[in-house]
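Working notes, structure below.
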C-alpha cells in the first residue's frame, strides 16, 4: 500500500508565511522602484520645463533687448507706405493739372461747377437721336466711374465729409440725367415708329447694342389680337403680352443697362488703424484704411503710371499757374484739416493693443430686414446689370395726307402704359401675367441659379414677390419668368458664395512682381501685381477659364476689385460679411499688422495658407513662408510655418502634416518683434536686398489686395 509520499507535499504554515513575506518584499521593492522612477521622470520633466522656461525667458529677454533696434529698422521700411501715399497725392495733383491744361471741354468730376455746367448744357441740347445719347451717355458713365474711384481710392483723412457728400450728389444727378436722356431718346424714336415698321409683321422692332447698354424696343403698330409673344433676336430678350395689351397703342422697351444705377448708394464706412510704436524714435504713423465697396458698378481706370514724372516747375500762363496754386492750397488745407482731425481722434496703438474692430461702426443704425421678400443687399448683390422692362404709350404717328405729313404733337413726354389698369377694381381683379425671357451677360459669372428681383420704387428696395414661374436655362444663359406688372428687374447672387476661401498663395515672380492666388469652392482666381498695377491673370471655373474680357488688363487694386465684383466673382469681404460667413476671427492687431509686413517682404518671399491658422486662436495668425527668388511654384518641402501676433514672430516646430498644433519653437530659432526680422534669420542676402529695393508702389498695391481679400480671416 502507498503511504501517499509520492503526492504533492503540503506546505507548512511557516513556509507559507515565508513565501508571503518574500512576495510582499518584492512588491514593496517594485513599488519603491516605480516611485523612484516616477520621481526621477518628474524631476527630469521639471528640469526640462525649467530649462525650456529659462531658455524661453532668455529668448524673450533677448527679443526685448533688441526690440527698439528691430522696430526702428522696420519703420525705415514702413516709410515706403508713406512714400506711396505721397506719390498718389502728387499724382492726383498732377492729374488735375493735366486735365486743366488739356482744355478739351470735358468736366472735372471733382469740381461741382464743371459738372453742373456739363449737365445744364446737355439738358439744353435737344438732339434726342438714340445713337448720340448712347455716345454721350458713355461720357457720363466715365464721369460716374471717376467719382466712384475718388470715393474708394482717396484716403479717408484726405476726403472731407462734405466732399464725399458732394461726390455722391453728383453721381445721383448724373444717373438721373442719363436715364432721363434715355427716355427722351426712346420717345423720339417711337414718334417715328411707323417709318421703321417691319415688312412682315407691320410692327416696329429695333435693337441697339453698346458696350454699356442694350435698347430693345418694339412698337405695336398693327394691334393684331392674335399676337402672343416677341423675341428680339439680336438681344435674345423677349416678352409675352396679355391680349388686352397686345391690342393697344403700346410699345415695349427692355432697356438693359450693364451697370446698376437703381440700387441705393451705400455709405462708405472707414477704418482708421493708427499704428504707432513708441519704443522707437522717431515715431512713425501709418494709416490703414478699410472701405466698404459701394454697390455701384463700373470698371475703374486708375491711369496711374509708374514712370510718371511730375514737373512742378512747368511754365505757363498766369491763370494756369494761379489754378495750380489753388490746387496746392486745397491740398494744404486738407492737410491742416487732417492734422486737426488726428488731434481730435483717438489713437489706436499697437503697443497698447487699442485697435478698433475691422467691422467699422457707422453712424447709421443697421436696418434689420424682417420682410422675407425684401432682398438684403448686405448678403446679396445684383449681377449682370439692370433690365428696365416698360410698357409705354405709343405716341401719335405721322400720317401722309394729300402730300402733307401730319402728326399730332403731345407735350407730355414719354408716358408709361398702366398695367394692370388703374381702376378701383384692380386690387380685387385678377389680370394675366406678363411673360419675360432674358439673356444673361457673357461677361458675368453666376455660380448658382440667381434670384430674380424687382425694384420697389416706393420702398427703395429690391423685392422677390410679384414674380413667378421662374425657369432657368443656365447653359444657354437664359432665364424666363412671369410678373404681375411691368417692373425693373435684376438678378441677385449671394455675395459670399466664394467665402470662406479654401486656400491662398502670394508668390513673387520677378522684380516688383508677384502672383496672388485665391482658391474658393467654385473658382480659382489668379491676380498679378506689377509695380502699382494689378491684372486678372485667370478665373478658372470647373476646369475652364472665364472672364476673358477682363484678363490681361492692367488697372489699380481698387479697379480690379470693382471689375471682379461686377463680374460676379466676389472675394472681397465687406463690413457685414462676418454675419454671413463662418469667419476665422482674428484680432486686428494680428491681422492688419501681418498684411502690412507681408507686403513689405513680398518681393522676396512667398506666403501661403495653413490649416493651423484655425487652431492658433484669435490673437495669433499662422501661415507658411518660403524664400522665393524664382518663377516656378514653391515645393512643399520648402515651406516653413510661422506664427505672428503683431508684436512677436516665431518659427514653429510643427509642419503642415503634424498631428496636432503646438506653439513650440523650431530648433535653433528665436523670437523677433517683427515678421521681417524673423524671416531675415533664414534668408539669403539676395532676398533681403530685394526686400529693401522693392518699390513703395508695389508694396502698397500688395497691401491693398491683402486688406481687400482678408485671407487670414476668410480662409
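Exactly one residue among 581, 558, 569 is more than 19 Å from residue 382 (Cβ to Cβ) and in a loop (DSSP other than H, G, I, E, B), and that residue is 581. Flag set for residue 656, criterion: surrounded by fewer than 16 Cβ atoms within 10 Å (Cβ to Cβ), touching a residue at least 40 places away in the same chain (Cβ under 8 Å), in contact with a helix residue (DSSP H, G or I) (Cβ under 7 Å, 6 or more places away or on another chain) and assigned to a loop (DSSP other than H, G, I, E, B).
Of the set (1) at negative phi; (2) in contact with a strand residue (DSSP E or B) (Cβ under 9 Å, 6 or more places away or on another chain); (3) assigned to a loop (DSSP other than H, G, I, E, B), all apply to residue 131 but (3).
Just to check your reading of the model, which residue among 360, 398 is modelled with pLDDT under 85, closer than 30 Å to residue 156 by Cβ and in contact with a strand residue (DSSP E or B) (Cβ under 8 Å, 6 or more places away or on another chain)? Full working, then the answer.
Details: 398 fails: closer than 30 Å to residue 156 by Cβ.
Selected residue: 360, the only one of 360, 398 that is modelled with pLDDT under 85, closer than 30 Å to residue 156 by Cβ and in contact with a strand residue (DSSP E or B) (Cβ under 8 Å, 6 or more places away or on another chain).
Against the conditions (1) surrounded by 12 or more Cβ atoms within 10 Å (Cβ to Cβ); (2) more than 30 Å from residue 647 (Cβ to Cβ), residue 17 satisfies every one except (1). If you go through segment 527-549 and pick out every residue that is buried (at least 20 other Cβ atoms within 10 Å of the Cβ) and touching a residue at least 60 places away in the same chain (Cβ under 8 Å), you end up with 8.
Answer yes if at least one residue in segment 192-210 is in contact with a helix residue (DSSP H, G or I) (Cβ under 6 Å, 6 or more places away or on another chain) and more than 30 Å from residue 226 (Cα to Cα), and no otherwise. There is at least one residue in segment 192-210 that is in contact with a helix residue (DSSP H, G or I) (Cβ under 6 Å, 6 or more places away or on another chain) and more than 30 Å from residue 226 (Cα to Cα). If I filter segment 595-618 down to residues being farther than 19 Å from residue 690 by Cα and touching a strand residue (DSSP E or B) at 6+ places or on another chain (Cβ under 6 Å), which single residue comes out as surrounded by the most Cβ atoms within 10 Å (Cβ to Cβ)? Going through the qualifying residues, I end up with 610.
Selection of segment 161-178 for residues being crowded, with 16+ Cβ neighbours inside 10 Å and touching a residue at least 60 places away in the same chain (Cβ under 8 Å) yields 164, 168, 170, 171, 175, 178.
Among the residues that make up segment 33-49, is at least one of them under 49 Å from the mean Cα position of the chain (by Cα), part of a helix (DSSP H, G or I) and under 30 Å from residue 674 (Cα atoms)?
Filtering segment 33-49 down to residues under 49 Å from the mean Cα position of the chain (by Cα) leaves 49.
Pick out the ones that are also part of a helix (DSSP H, G or I) and you get 49.
Filter again for under 30 Å from residue 674 (Cα atoms), leaving 49.
Yes: one or more hits.
Selection of first residues in segment 506-526 that are at positive phi and of second residues that are in a strand (DSSP E or B), restricted to Cβ pairs under 9 Å at least 6 apart or on distinct chains, gives the following pairs, ordered by first then second residue: 510/530; 512/529; 512/530.
If you go through segment 99-108 and keep only what is free of Cβ contacts under 8 Å to residues at least 24 places away in the same chain and not in a loop (DSSP other than H, G, I, E, B), you end up with 99, 102.
Would you pick out the residues in segment 221-249 that are surrounded by 16 or more Cβ atoms within 10 Å (Cβ to Cβ) and modelled with pLDDT under 85? The answer is 227, 235. If you go through segment 477-496 one residue at a time, do you hit one that is surrounded by fewer than 19 Cβ atoms within 10 Å (Cβ to Cβ) and without any contact (Cβ under 8 Å) to a residue 40 or more places away in the chain? Yes, segment 477-496 contains at least one residue that is surrounded by fewer than 19 Cβ atoms within 10 Å (Cβ to Cβ) and without any contact (Cβ under 8 Å) to a residue 40 or more places away in the chain.
So how many residues does segment 109-128 have that are touching a helix residue (DSSP H, G or I) at 6+ places or on another chain (Cβ under 9 Å), surrounded by 15 or more Cβ atoms within 10 Å (Cβ to Cβ) and assigned to a helix (DSSP H, G or I)? Of the residues in that region, 5 qualify.
Would a scan of segment 590-604 turn up a residue that is assigned to a loop (DSSP other than H, G, I, E, B), more than 25 Å from residue 640 (Cβ to Cβ) and modelled with pLDDT under 95? No, because not a single residue in segment 590-604 is assigned to a loop (DSSP other than H, G, I, E, B), more than 25 Å from residue 640 (Cβ to Cβ) and modelled with pLDDT under 95.
The values are calculated or read from the model by the stated rules, or taken from the named source; none is laboratory data. Since we're looking at a predicted model, the values are computed, not measured. No Cβ is skipped: glycine too gets one built from the backbone with ideal geometry, and neighbour counts run over all protein chains shown.
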